[in-house]
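Enquirer: My questions all concern the structure below.
The values are calculated or read from the model by the stated rules, or taken from the named source; none is laboratory data. Only a predicted model underlies this, so the values are computations on that prediction, with no experimental measurement involved. Don't worry about glycine lacking a Cβ; one is built from the backbone with ideal geometry, like all the others, and counts go over all protein chains shown. To get the accessible areas, we keep the full protein, side chains included, count just its heavy atoms, and leave off ligands, DNA and RNA. Shrake-Rupley method; radii C 1.70, N 1.55, O 1.52, S 1.80 Å.
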Amino acid sequence: MPHVTRFAPSPNGPLHLGHAYSAIIAHDLAGADGTFLLRIEDIDGERSRPELAAEFRADLAWLGLQWQEVPRQSGRLASYRAAAERLRADGLLYPCTCTRAQIAAAAGTIGPEGPVYPGTCRTGVTDPSAPAAWRLDMAAALRRTGPLTWHDGLAGMQQARPDLLGDVVLVRKDAATPASYHLAATLDDAADGVTLVTRGLDLFVATHVHRLLQALLGLPVPQWHHHGLLAETDGRKLAKRRGSPALSDRRLAGEDGRALGADLRAGRFPTGLSLVQSVGCYP
Ligand code: GLU
Ligand code: ZN
């Protein structure tokens, strides 16, 4: 079965080798008869730099990839609002006016992505006029769906554990951004007909939440493939200042992008870089 896959970069900064690796995996897993999509994830209005989208396209072409581009997230806000409205009508969202500092001070348990929101506002907010984010009532959502599973091409069948992340934010405080990454990406993958979601292991845990949102919103369930992350051999993230130039710098310096792509496919990484195959305890 040919797959529909996607590469979904956020235009917050230039693409680096890790992105190239990710894009190549998504492209190749679509196969010759499949479809490889590019989606610009510019939901983060404050950090988004629209001019980077053109640079991203030039980088992908330089790597020798071909793709179809689907609408960027800033053109899809109405669908995010509609989904949030539906979850709200189902009684599954509640407003939260907590500041970061309040959350940090109140946090009880530490989840895979840091402190888990302790549910302070679940029974009501203290200041109804303060700007509110909308959180998913995780316990209520799980009562609605029951246990869920999902499949990762590398890690195999998974029990969905969205409870590990607690009452995640689905609608941000910032009125210009009517969805969090979790809600936007889940809706977009369904709207784009993505059948195989490929991305780095750093988003493995997010998939638990996405699987739950699919069940709550009646969306089709794709398969997943969370790949290893390119990092410095000592485990540190890639950084430009430590000799990991942006793809655009390599391209403009005249480096051969197709040859770089062939190296990444073959697992030949530049000196000092290696693939991290697990992140924390996942998987
Ligand atoms: N936009 C996300 C990023 O650049 C990727 C999201 C995804 O692949 O689901 O990290
Ligand atoms: Zn709160």
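Enquirer: Select from region 91-131 the residues that are touching a strand residue (DSSP E or B) at 6+ places or on another chain (Cβ under 7 Å) and surrounded by fewer than 16 Cβ atoms within 10 Å (Cβ to Cβ) and list them in ascending order.
Expert: Ala104
Enquirer: Which ones in region 81-118 are near ligand 2 (Cβ under 8 Å from one of its atoms) and more than 20 Å from Ala184 (Cβ to Cβ)?
Expert: Thr97, Cys98, Gln102, Ile103
One line per residue, one yes/no per condition, for (1) away from ligand 1 (no atom under 13 Å from the Cβ); (2) closer than 17 Å to Pro112 by Cα; (3) β-branched (Val, Ile, Thr):
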{"site": "Leu165", "(1), (2), (3)": "yes, yes, no"}
{"site": "Thr186", "(1), (2), (3)": "no, no, yes"}
{"site": "Asp192", "(1), (2), (3)": "no, no, no"}
{"site": "Thr195", "(1), (2), (3)": "yes, no, yes"}
{"site": "Leu203", "(1), (2), (3)": "no, yes, no"}
{"site": "Gly218", "(1), (2), (3)": "yes, no, no"}
{"site": "His226", "(1), (2), (3)": "no, yes, no"}
{"site": "Leu230", "(1), (2), (3)": "yes, no, no"}
{"site": "Lys237", "(1), (2), (3)": "no, no, no"}
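Enquirer: Tell me the residue from Leu213, Leu273, Leu201 that is in contact with a helix residue (DSSP H, G or I) (Cβ under 9 Å, 6 or more places away or on another chain), closer than 25 Å to Thr35 by Cα and buried (at least 16 other Cβ atoms within 10 Å of the Cβ), please.
Expert: So the residue among Leu213, Leu273, Leu201 that is in contact with a helix residue (DSSP H, G or I) (Cβ under 9 Å, 6 or more places away or on another chain), closer than 25 Å to Thr35 by Cα and buried (at least 16 other Cβ atoms within 10 Å of the Cβ) is Leu213.
Enquirer: Among the residues in region 29-40, are any in a loop (DSSP other than H, G, I, E, B), more than 27 Å from Pro178 (Cβ to Cβ), within 13 Å of ligand 1 (Cβ to nearest atom) and open to solvent by 50 Å² or more (accessible area, probe 1.4 Å)?
Expert: No: zero hits.
Enquirer: Among (1) assigned to a loop (DSSP other than H, G, I, E, B); (2) free of Cβ contacts under 8 Å to residues at least 40 places away in the same chain; (3) surrounded by fewer than 21 Cβ atoms within 10 Å (Cβ to Cβ); (4) among the aliphatic types (A, V, I, L, M), which single condition is Ala54 missing?
Expert: If we test Ala54 against (1) assigned to a loop (DSSP other than H, G, I, E, B); (2) free of Cβ contacts under 8 Å to residues at least 40 places away in the same chain; (3) surrounded by fewer than 21 Cβ atoms within 10 Å (Cβ to Cβ); (4) among the aliphatic types (A, V, I, L, M), just (1) comes out false.
Enquirer: How do the pairs read when you match residues in region 87-106 that are in a helix (DSSP H, G or I) with residues anywhere that are of a type in the set (Ser, Thr, Tyr) and open to solvent by 50 Å² or more (accessible area, probe 1.4 Å), using Cβ under 8 Å and keeping only pairs 6 or more apart or on different chains?
Expert: Gln102/Thr120; Ile103/Thr120; Ala106/Thr120
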